[in-house]
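Visitor: Mind looking over this structure? Questions follow.
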Amino acid sequence: MLHYKYREPSAFSLDRNRTSKRKEIRSGFVEKNATKPYGKYLKRSNRCFHNSYSLCSAFFLFLLFFLSVPATAFSAERYVLFILDTSDSMTDMKVEIAKNVILQSVKHRPSETEIALRVFNQDFLRYNRYTESREYQEANCGESDMLLDFNNYAIHDFGNTLFYLKTQGLSPIASTLGESRYDFYDKKKKNTIILLTDGSDTCGGSPCDTASQLRKKYGIEVNVVGIGIEKKSDEKELLCIAEASGGIYINTKDENDLFESVFSIMDLPRSPLVIILLNEDGEKVLGNIKIYDENENLVIKTPSPLREFSPTLPLGDYSIEVKTDYDHQKIRNVVLEKDKPTDITIVLKDILNSK
């Protein structure tokens, strides 16, 4: 009797064999037969008794994969793949904001939309980032990692996975876009990529040509959301990626701008939240504002003290925390409803009344 030992896979270790199998399955069996009834394949299982053991095993492996994928992964009308730039140019602030907008998109996605996440290869971390060796270049420009598949929505685990992401190395945008063609189940559905990046490809690829092929051969649209793009050459390349694939390009300047851009592309139902800070005399005052979701996860915050803050957020329940030098308040149960702006005025103590 054979004994098999199960090993829990690492969140970031890339199993090359597993990746190739996924590519084979997605490009063949699942893509062609996702909408067909199971019965046709179950009837064929009787033939295995007359064939070799290896052929039967292969068949049942395919069948097991097919039956194990939740029906929602096949029944959705739209598939959105986020590609997150995890190169070393993505500073802590940039990547934290990007991870947060992805997490909120997963939480608030419409019922007919499924989301997945791919990031630049994390395996290169074992190399010295300052060397220019061939191994370093190959590691940084190698295959990307699929962190969230279209059928996996354990929000808590996904949040932890995002937390441990590393940002170092180069930007293999072209090769990552090329790999993404294996991630979508059905070419007939609306398949969209949202690329979050702060620059252009640094691995010598041609992402504009790759994006064009994704559109022509696979019907995939690539939307590019720039995070503080400053170089004209970077902006030119990112704009080309979007135009070549029928998508849009947006260069965001701050956190609120990034949230609004991504939520707009996602078509998330959302509503504006207007927060005004006043002192007891009715004058506007400066304060640091943080907004949390119903699970007390930070959604968005002001980059500096403001008198008024007006983010547009997905519908739901939120909490607002405000801090000044003289006061600290937290407002709970703030509900955002469709087509109904929510105005919140918070009266804070000033220096005279704080004594």
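Visitor: Could we say that Ile229 is among the aliphatic types (A, V, I, L, M) and in a loop (DSSP other than H, G, I, E, B) here?
Guide: yes
Visitor: Something else about it: So, Arg332, is that one touching a Leu at 6+ places or on another chain (Cβ under 7 Å) and not assigned by TED's automatic domain parsing to the domain that holds Ala98 or not?
Guide: no
Visitor: Then there's this: I'd like to verify a number: residues in the stretch 282-317 that are over 25 Å from Arg109 (Cβ atoms), part of a loop (DSSP other than H, G, I, E, B) and among the aliphatic types (A, V, I, L, M), how many?
Guide: 2
Visitor: For Ser212, state whether it is surrounded by fewer than 16 Cβ atoms within 10 Å (Cβ to Cβ) and free of Cβ contacts under 8 Å to residues at least 40 places away in the same chain.
Guide: no
Visitor: Of everything in the stretch 93-103, what is in contact (Cβ under 8 Å) with a residue 12 or more places away in the chain and either in contact with a strand residue (DSSP E or B) (Cβ under 6 Å, 6 or more places away or on another chain) or charged (D, E, K, R) (or both)? Give them in sequence order.
Guide: Result: Lys94, Ala98, Lys99, Ile102.
Visitor: Here is a follow-up. If I go through the stretch 72-86 residue by residue, how many of them are at pLDDT below 90 and either closer than 23 Å to Leu165 by Cα or in contact with a helix residue (DSSP H, G or I) (Cβ under 9 Å, 6 or more places away or on another chain) (or both)?
Guide: 1
Visitor: State whether one or more residues within the stretch 189-203 are crowded, with 18+ Cβ neighbours inside 10 Å, over 18 Å from the mean Cα position of the chain (by Cα) and assigned to a helix (DSSP H, G or I).
Guide: Scanning the stretch 189-203, I find no residue that is crowded, with 18+ Cβ neighbours inside 10 Å, over 18 Å from the mean Cα position of the chain (by Cα) and assigned to a helix (DSSP H, G or I), so the answer is no.
The values are calculated or read from the model by the stated rules, or taken from the named source; none is laboratory data. Being a predicted model, the structure only gives us computed values, none of them experimental. When we count neighbours, we look across all protein chains shown, and the Cβ atoms used for this are built from the backbone with ideal geometry, even at glycine.
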